[in-house]
There are 4 protein chains.
Amino acid sequence: MIIVLKPNATKKQIDHIVKKMEKLGLKPWLSEGVERSIVGVIGKEDVIRTLPLEGFPGVEKVIPILKPYKRASLDFKKTPTKVSAGGGVVIGGKEIIVMAGPCSVENQKILLETAKVVKKSGAKILRGGAFKPRTSPYSFQGLGEVGLKYLAEARERTGLRVVTEIMDVRTLEMVTKYTDIIQIGARNMQNFDLLKEVGKVRTPVLLKRGIASTIKELLMSAEYILAGGNKDVILCERGIRTFETFTRNTLDLNAVPALKSLTHLPVVVDPSHGTGRWGLVSVMAGAAIAAGADGLMIEVHPNPEEAFSDGDQSLLPAKFDTMMKSLRKIAKAVGRTL
Amino acid sequence: MIIVLKPNATKKQIDHIVKKMEKLGLKPWLSEGVERSIVGVIGKEDVIRTLPLEGFPGVEKVIPILKPYKRASLDFKKTPTKVSAGGGVVIGGKEIIVMAGPCSVENQKILLETAKVVKKSGAKILRGGAFKPRTSPYSFQGLGEVGLKYLAEARERTGLRVVTEIMDVRTLEMVTKYTDIIQIGARNMQNFDLLKEVGKVRTPVLLKRGIASTIKELLMSAEYILAGGNKDVILCERGIRTFETFTRNTLDLNAVPALKSLTHLPVVVDPSHGTGRWGLVSVMAGAAIAAGADGLMIEVHPNPEEAFSDGDQSLLPAKFDTMMKSLRKIAKAVGRTL
Amino acid sequence: MIIVLKPNATKKQIDHIVKKMEKLGLKPWLSEGVERSIVGVIGKEDVIRTLPLEGFPGVEKVIPILKPYKRASLDFKKTPTKVSAGGGVVIGGKEIIVMAGPCSVENQKILLETAKVVKKSGAKILRGGAFKPRTSPYSFQGLGEVGLKYLAEARERTGLRVVTEIMDVRTLEMVTKYTDIIQIGARNMQNFDLLKEVGKVRTPVLLKRGIASTIKELLMSAEYILAGGNKDVILCERGIRTFETFTRNTLDLNAVPALKSLTHLPVVVDPSHGTGRWGLVSVMAGAAIAAGADGLMIEVHPNPEEAFSDGDQSLLPAKFDTMMKSLRKIAKAVGRTL
Amino acid sequence: MIIVLKPNATKKQIDHIVKKMEKLGLKPWLSEGVERSIVGVIGKEDVIRTLPLEGFPGVEKVIPILKPYKRASLDFKKTPTKVSAGGGVVIGGKEIIVMAGPCSVENQKILLETAKVVKKSGAKILRGGAFKPRTSPYSFQGLGEVGLKYLAEARERTGLRVVTEIMDVRTLEMVTKYTDIIQIGARNMQNFDLLKEVGKVRTPVLLKRGIASTIKELLMSAEYILAGGNKDVILCERGIRTFETFTRNTLDLNAVPALKSLTHLPVVVDPSHGTGRWGLVSVMAGAAIAAGADGLMIEVHPNPEEAFSDGDQSLLPAKFDTMMKSLRKIAKAVGRTL
């Protein structure tokens, strides 16, 4: 940590800071320059971070040096983490894993139909929401446990693995009973009580980036889960909120290689939410693979016009199939399989 | 709702849309222009909104007309809502209510000391977090119920009312036992299960705007609480996330008169989080009053250097007192009291 | 254009609006709903757009329907525009064109050396700035005409075509004398006098998206050039400004397929500025190709440590060569050549 | 400048960096920590900044310490700068100066009429655009020199001073002939050639913040003008672009006290562009004064419905008069006059 002092910081103020550090068992060094001085401290940043140093008299700004996350860091674990969803499906290996399905679980028939077609096209995991975070209290809120049962049943019938979202800590036991991967949605990326709870179970967690969360904050939220003891965290870039309104979100593909340079955790991309327009999904799925994604999450619906949610960004099964064929070529071009 | 058709939309596609509308009991009208045609529907937007119209063939874009919220709207209730926090403290009237106190409840002594000084300077409500949403799992997470007890005790001793944050639905009963106002923090503004639960109790709710939430989304989240039956919702502008990094957040004071033009609910402003720098807090508190705020939420700490959180943005009691004197003049200039 | 009236708009106010329209030779239609009425007008949006309709009494909001650009629109020209940079180099065809070179032209030797290596690796166009837009007045501002001469000379020696930035209308004649493509930088995307001037010449223009410009605004700026008579406009996505600070900008690859769905103009991507980190450039260049880019703009410097500007995001020639080999595979996977 | 090294930086890499520094005449100090080492250099940041240190092997990140601007800094000049617009009108003193008038100069009659009413209500400076930066090439582009003449004439008749925008370096001589203050619009805040030119004249410059420019970048652009020799720079906050769409821009009033803590230059606020809605202008003008603004820029039009531009955000003369009366009270409350 570097503490930049004001040009007119007094000796007394500087001494006060240095003593504070020493009281915490740290070894600060003072570097006096012509225009201003700085105090540096290396190591035990956890301790230092609890101090509101910018509130100290004589301090101009405080600059952290070490990364605030540990277990999520490449420094902590140098080899890529491979997350097993069971049934031989592994996220983070050479194979790019596609998760596909409807936004919401609407009924047994549509879900099963969708599961069969996405399986046939090459998806390995079925997605579908039983609990839906909706901006409006008047929108469809999901089928709840019934939806989870439909998902489990579709798994039985197709062999696909299942990923579904959890929104409420009180449903954790119920959700883990039915799903192979627990999804934490963008709006709950900083629902810390929920993160702590999923840190206690052993079901893999797919953690979506919040719409206004930085890459660092995403890793800090992953750190909550890892610190709880659950090592199977999959990160998901799904678009951030910017000034651009033509697309629903701005898919930040920079985040894929950026995350790969910082963490050992696998990274998947959701171009359905990342664009909000079905016409852009296939192309951006390909771009995600080229950017290094370990997996994709795609909304597919046999009849988007009748979908209870996100119909605008869902692919028809035929489009999904065409896309998968194109993606295979790109995967091969970057040395992956799909 | 206006459905703008593509220039090359076919008659068949248009008929399909019109019939879909009629099937839902709506009366669409078709307006054929030289360059393109549009289909309009007025009324029952709730019904229409469930349709993913942008996914229909021939459709270029869909433009909503009616506001998606009802109970929060000025159309629904034309007189300003006054929220009583008990003890004669009312938010939304002529008097500007100041809520002040430490970011976190740290111990009994500091809390009580702070309560006394802010009370003396004119604050009416004591703020303080017993449950803290922290970016890092390694930061201080709050005292929990012990902290709530300290708050209640400080209320006994000073006569101040209390506002404190809830993060987890499982603590609702506990939190409502001790507090006069339940705070929903920025990170939980779209924690819909939590919104639903606080909608069921009768304790007033202070709902903070999410860092990347629009004014409309803030009102939609208020709608969740109102729809649940709890009519006492206070909105809080606390800064949004933008590209600017000099300040912790960008305090969006436009939101105050904007909200006043849309809703009957009272609006308070938190310049501590809205700036993240104690040197800017007093001035921006004054600006908030000029912008029409019904209240302020200010972090005060007797020794910011020792604060467990947010020390950088906390005011010293003496500064708080000076600020309150300045604010009184501005309040008077805009026809309010403080 | 749709004019949404307030619920309490009076008949007099509505008549006033309708008459205003008719006075302008337009044919408005009034649609009266239960909750509120709307007035629609189709055609001649140019005329209507000049009216500040939202300032009219009784009006709640005004919603444009037609696109504000014409010549840039796919409706205007349905086939992709191919821009010739001379020497057989065409942007917008099956071949992906790579523009590479140093950020700034620094001296004859380095430029020529860089030109030779990028040519050898497959670049078709040499980039390099003779006039540099620098945030600080104390930074290197470019070599001016001398730099342009070096570029022209490098073209002679290598056969590469040249693209270079113009910042000042007064240098237009000079710049066009030496370059094959004129670049308008992000900061000048809305320097309308400059756009008008480059609209008058017949040298192709590479128009970079402003850091906070929407896709629509980019097309409006292209419209300025097209309206001036210059039909050879190449659009360039180079990253937008968001809250994320890990990368210099957020490369908005969504913009590539989005632009392709709106305009006939070719689209190139600049991953050097779009990431600001050389370690991410190669991967994001591949993602850009998968997203449908017609070309790439890449900063290459034989000794980034000595570069006068943007050394942090420049590739070494060897890395550039490796990247080009990878890109060829991705180009092939999406049916393009490189 | 602090250079944070990678945990695995080699001795050779570190030596290379240290030597590079020494070659530039700097005195770096190396601090070796347990987890990683850092290299610090204080002084002559101009020299260091030219090095792309993040491109050096072994470097993780580079953290600047000194401010990149000098002449604009409070460290350079400790007393507030007062800018005289002639005729006894001074911006930056105790008196808050209001600049008011139409967005565009449309004709002689309307301009004069507006000038008279704003003068009567207390404005000191007449604003009006003769050259208009319009997003669309098909919108009204301004009257040019004729408009400047009308402004000068209105000055003669009313005694108001004049501020008007310059867009093109070629019109500098013409514009300075007629105006008392030259305005650089938001879109040209980083039109560096224009900044250099206005740095050479002695007419005061009102520099508007770009819609996506940081406070630091605004000061860097001021530095261009100051470095050219023109000491009379007025900064203007006019709203930034964020994800919020209800208002045209997000007025960043934090920027006012933030700028005051960094620079000696006066700061004015434009709530017309900062909100884009006339209904919010008056209230936000008051908030700007409470935030410490030295002046205001307000769009007023006798008939907004007929305005050629920005009618949506223009105040009617009667509203402007009412606003001025309210603002006087707030000004008094904060110890200023108006």
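The values are calculated or read from the model by the stated rules, or taken from the named source; none is laboratory data. None of these values were measured; they are calculated from a predicted model. Glycine gets a Cβ as well: all are built from the backbone with ideal geometry, and neighbour counts include every protein chain shown.
Given the condition within 13 Å of chain A (Cβ to nearest Cβ) and on the phi < 0 side of the Ramachandran plot, answer yes or no: does some residue in segment B:152-164 qualify?
Scanning segment B:152-164 turns up no residue that is within 13 Å of chain A (Cβ to nearest Cβ) and on the phi < 0 side of the Ramachandran plot.
Those residues that are buried (at least 22 other Cβ atoms within 10 Å of the Cβ) and out of contact with any Gly (no Cβ under 9 Å at 6 or more places or on another chain), I need them from segment A:245-257; list them, please.
Passing the criteria: only A:A255.
Return a yes/no flag: does segment D:144-151 have any residue that is surrounded by fewer than 24 Cβ atoms within 10 Å (Cβ to Cβ) and part of a loop (DSSP other than H, G, I, E, B).
Yes, segment D:144-151 has at least one match.
Please go through segment D:173-201 and pick out each residue that is surrounded by fewer than 23 Cβ atoms within 10 Å (Cβ to Cβ) and without any contact (Cβ under 8 Å) to a residue 24 or more places away in the chain.
Within segment D:173-201, just D:E173 meets the criteria.
Do we find that B:S213 is of a type in the set (G, A, S) and modelled with pLDDT under 95 in this structure?
Taking the combined requirement at face value, the residue does not satisfy it.
Which members of segment A:118-157 meet the condition of being farther than 27 Å from B:L195 by Cα, among the charged types (D, E, K, R) and over 20 Å from the mean Cα position of the chain (by Cα)?
A:K119, A:K120, A:E153, A:R155, A:E156, A:R157
Could you tell me which numbered condition A:V163 fails, if it satisfies all but one of (1) without any contact (Cβ under 8 Å) to a residue 60 or more places away in the chain; (2) assigned to a strand (DSSP E or B)?
Unmet condition: (1).
Give me a count of the residues in segment C:60-77 that are at pLDDT below 85 and not in a loop (DSSP other than H, G, I, E, B).
4
Could you list, in sequence order, the residues of segment D:87-112 that are in a helix (DSSP H, G or I) and either of a type in the set (F, W, Y) or at pLDDT 95 or above (or both)?
Scanning segment D:87-112 gives D:L111, D:L112.
Confirm whether D:G40 is at pLDDT below 80, buried (at least 16 other Cβ atoms within 10 Å of the Cβ) and within 14 Å of chain C (Cβ to nearest Cβ).
no
Could you list all residues from segment A:176-191 that are within 19 Å of the chain's Cα centre (by Cα) and part of a helix (DSSP H, G or I)?
If the condition is that a residue be within 19 Å of the chain's Cα centre (by Cα) and part of a helix (DSSP H, G or I), then A:T176, A:A186, A:R187, A:N188 are the ones that fit.
When you go through (1) out of contact with any helix residue (DSSP H, G or I) (no Cβ under 7 Å at 6 or more places or on another chain); (2) closer than 29 Å to B:E106 by Cβ; (3) basic (K, R) one by one for B:K208, which number turns out not to apply?
(1)
Limited to segment B:113-134, what total is found for residues that are assigned to a helix (DSSP H, G or I) and either touching a Lys or Arg at 6+ places or on another chain (Cβ under 8 Å) or charged (D, E, K, R) (or both)?
5
Considering only segment C:115-129, state which residues are in contact (Cβ under 8 Å) with a residue 40 or more places away in the chain and touching a helix residue (DSSP H, G or I) at 6+ places or on another chain (Cβ under 7 Å).
Across segment C:115-129, the qualifying residues are C:A115, C:K116, C:V117, C:V118, C:K119, C:S121, C:G122.
From the list C:P80, C:P137, exactly one residue is within 14 Å of chain D (Cβ to nearest Cβ) and either in a loop (DSSP other than H, G, I, E, B) or not aliphatic (A, V, I, L, M) (or both). Which is it?
Of C:P80, C:P137, the one residue that is within 14 Å of chain D (Cβ to nearest Cβ) and either in a loop (DSSP other than H, G, I, E, B) or not aliphatic (A, V, I, L, M) (or both) is C:P137.
Only one residue in A:P266, A:P271 is buried (at least 24 other Cβ atoms within 10 Å of the Cβ) and either without any contact (Cβ under 8 Å) to a residue 24 or more places away in the chain or over 24 Å from C:W278 (Cα atoms) (or both), so which one is that?
Answer to the check: A:P271.
Given the conditions (1) more than 30 Å from B:L251 (Cα to Cα); (2) without any contact (Cβ under 8 Å) to a residue 24 or more places away in the chain, report the number of the one that D:T214 does not fulfil.
So D:T214 meets the others, but not (1).
Output the number of the condition that A:E223 fails; it satisfies all remaining conditions of (1) touching a helix residue (DSSP H, G or I) at 6+ places or on another chain (Cβ under 7 Å); (2) buried (at least 24 other Cβ atoms within 10 Å of the Cβ).
Condition not satisfied by A:E223: (1).
Read through the list (1) at pLDDT below 85; (2) more than 9 Å from every other protein chain (Cβ to nearest Cβ); (3) touching a helix residue (DSSP H, G or I) at 6+ places or on another chain (Cβ under 6 Å), then give the number of the only condition that A:V47 fails.
(3)
When the residues of segment C:307-323 are filtered to those that are more than 28 Å from C:F131 (Cβ to Cβ) and either within 11 Å of chain D (Cβ to nearest Cβ) or of a type outside the set (S, T, Y) (or both), which remaining residue is farthest from the chain's Cα centre (by Cα)?
Per the criteria, the residue is C:A318.
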